[in-house]
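Here's the structure we're looking at; comments come further down.
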Amino acid sequence: MRYVQLDTPKPISKIGLGTWQFGSKEWGYGPDYERRAAEIVRRALDLGVTLFDTAELYGFGRSERILGSALGDDRSKVVVASKIFPLLPVAPVVQQRAVASAARLGVDGIDLYQVHQANPVVADTTTMRGMRSLQDVGLVGEVGVSNYGLRRWRFAEAALGRRVLSNQVRYSMIDRGPEEDLIPYAEQAGRIVIAYSPLAQGFLSGRYDATNPPAGAVRRANPYFLPENLERGTALIATLREVADAHDATPSQIALAYVLRHPNVVAIPGASGVEQMERNAAAAEIDLTDDEYAALVAAAHAFRPVTGLAAVPRMVRARLGK
């Protein structure tokens, strides 16, 4: 495993484990997934993974409970990250919700506590006042944000009066927005971009095509999995396979290596089983050549999916089987 080269109390692994699916039936993993979740966490620890990300919203607290239980006595050795859902995130509410998350996780302190979304009405000045109080009493180590633009990330940091260590955003080969400003800022300022959905919810795995769409409510709601987009992605997946063959790897591992090429980026893919966790962790050791990276960039730029409002009628038709 490789780690981010920053001055953090605990090392942060380049590959972490995202736990949105823990306790969330909408992923379609089946009733035995909670048992498998513990096995995944234990294997992740064996592989040197130190970043475990959850949120109070995931499974309405069940993800935090499952993760905390699975980590057991190793909770103090790793970076446990959770997120507050920003419904009225004023200072007292932030403090109360952090206490509740820590209790579900079974920890004395949350290593990285993040604001899940930017609230359009409540300013970060009051939210970060709550975060600062949590840091002062030792219940929170580092503060992070999620789904913030660069300007609001920097404003949140000014409001906190300390570093806001991380910004957790959607980032993958086909969601490259963070490359424009967030990643350069992180590298310049010594911060971290945490990439969620680094495999575009499995689109980049090569497992799916127009004749074999994914199951599960989450993926069915993602326009990338429209039959038309799966067809349009054929060339991109072919390039991923070509680079993967050169490394005796899988397309998913190459897609992860793409985002991890940036020194201040870590990725938190989920895992449906121990074997997937092992493959994800191994991706941290893959070094892409400049030519391979350029080929991946070109293939990603050439992919033009149907998204936004244009995708709505197509998704309705796909849902109705028409």
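Readers should treat all values here as calculations from the given coordinates under stated rules, not as data from a laboratory. The structure presented is a predicted model; accordingly, all values stated were derived computationally and were not measured. Cβ atoms come from the backbone with ideal geometry, glycine included; neighbour counts cover every protein chain shown.
First select every other residue whose beta carbon is under 14 angstrom from the beta carbon of Glu56; then total the charges, Lys and Arg +1, Asp and Glu -1.
Working: positive: Arg62, Arg65, Lys83, Arg97, Arg104; negative: Asp53, Glu64.
Its environment carries a net charge of +3.
Which far-off residues, 5 or more places away or on another chain, put their amide H under 5 Å from the one on Asp111, with H placed in the peptide plane?
Distant-sequence amide H within range of Asp111: Val80, Gly141.
Out of every Cα-Cα pair in the chain, what percent are more than 25 Å apart? Please list the in-between numbers first.
Details: 25892 of 51681 pairs.
Counting every Cα pair in the chain, those more than 25 Å apart make up 50 percent.
Assuming a strict under-26 Å limit between Cα atoms, what lysine pair count do you get for the chain once near-sequence pairs (fewer than 8 apart, same chain) are dropped? Let's see the in-between values first.
Details: Lys10/Lys77; Lys10/Lys83; Lys14/Lys77; Lys14/Lys83; Lys25/Lys83.
Lysine pairs, 8 or more places apart or on different chains, close enough: 5.
Mind checking the angle between helix 290-302 and the chain's longest principal axis? C-alpha axes, 0 to 90 degrees, to the nearest 10.
For helix 290-302, the angle is close to 80 degrees.
Along the Cα→Cβ direction, 7 angstrom out, place labels at Arg35 and Thr289. What is the inter-label distance in nm?
4.7
Please determine, in degrees from 0 to 90 and to the nearest 10, the orientation of helix 251-260 with respect to the longest principal axis defined by the Cα atoms of the chain, where the helix direction is its Cα long axis.
So the inclination is approximately 40 degrees.
Take the Cα atoms of segment 118-163, find their three principal axes, and give me the spread along each one in whole Å, biggest first.
Rounded to whole Å, the extents work out to 28, 18, 16 Å.
If you take the Cα atoms of segment 94-251, find Rg, then find the Kirkwood Rh from the mean of 1/r over all pairs, what is Rg/Rh?
Values: Rg = 19.2 Å, Rh = 17.9 Å.
In segment 94-251, Rg relative to Rh is 1.07.
Report ³J(HN,Hα) in whole Hz for each residue of segment 99-111, in order, from the Karplus equation J = 6.51 cos²θ - 1.76 cosθ + 1.60 where θ = phi - 60°; Gly and Pro get x.
4, 5, 5, 4, 5, 5, 6, x, 10, 7, x, 8, 5
Suppose the chain between Gln5 and Asp108 were pulled fully straight at 0.36 nm per residue; how much longer would it get relative to their current alpha carbon spacing?
On the way: separation 103, 0.36 × 103 = 37.08 nm, distance 2.57 nm.
Length gained between Gln5 and Asp108: 34.5 nm.
List, in order, the whole-Hz ³J(HN,Hα) value for each residue of segment 162-170 obtained from phi through the Karplus relation with A = 6.51, B = -1.76, C = 1.60 and θ = phi - 60°; use x for Gly and Pro.
8, 6, 9, 4, 9, 10, 8, 9, 5
Tell me, what is the FRET efficiency for Thr307 and Ser76 to the nearest 0.05, using R0 = 45 angstrom and their Cβ-Cβ distance as r?
E(calc), rounded to 0.05, equals 0.60.
Return the FRET efficiency for the residue pair Phe85, Ala221: r is the Cβ-Cβ distance, R0 is 30 Å, and the value is rounded to the nearest 0.05.
0.95
Can you pull out the GluC sites (Glu not before Pro) in segment 138-204 that DSSP calls coil and that have at most 12 other Cβ atoms within 10 Å?
Numbers: sites: Glu142, Glu157, Glu179, Glu180, Glu187; in loops: Glu180.
In loop regions of segment 138-204 (DSSP not H, G, I, E or B), the sparsely surrounded GluC sites (Glu not before Pro) are Glu180.
When only Cα pairs under 8 Å and 6 or more residues apart are kept, what is the percent relative contact order across the chain?
Working: 598 pairs, mean separation 61.5, N = 322.
Here the relative contact order equals 19 percent.
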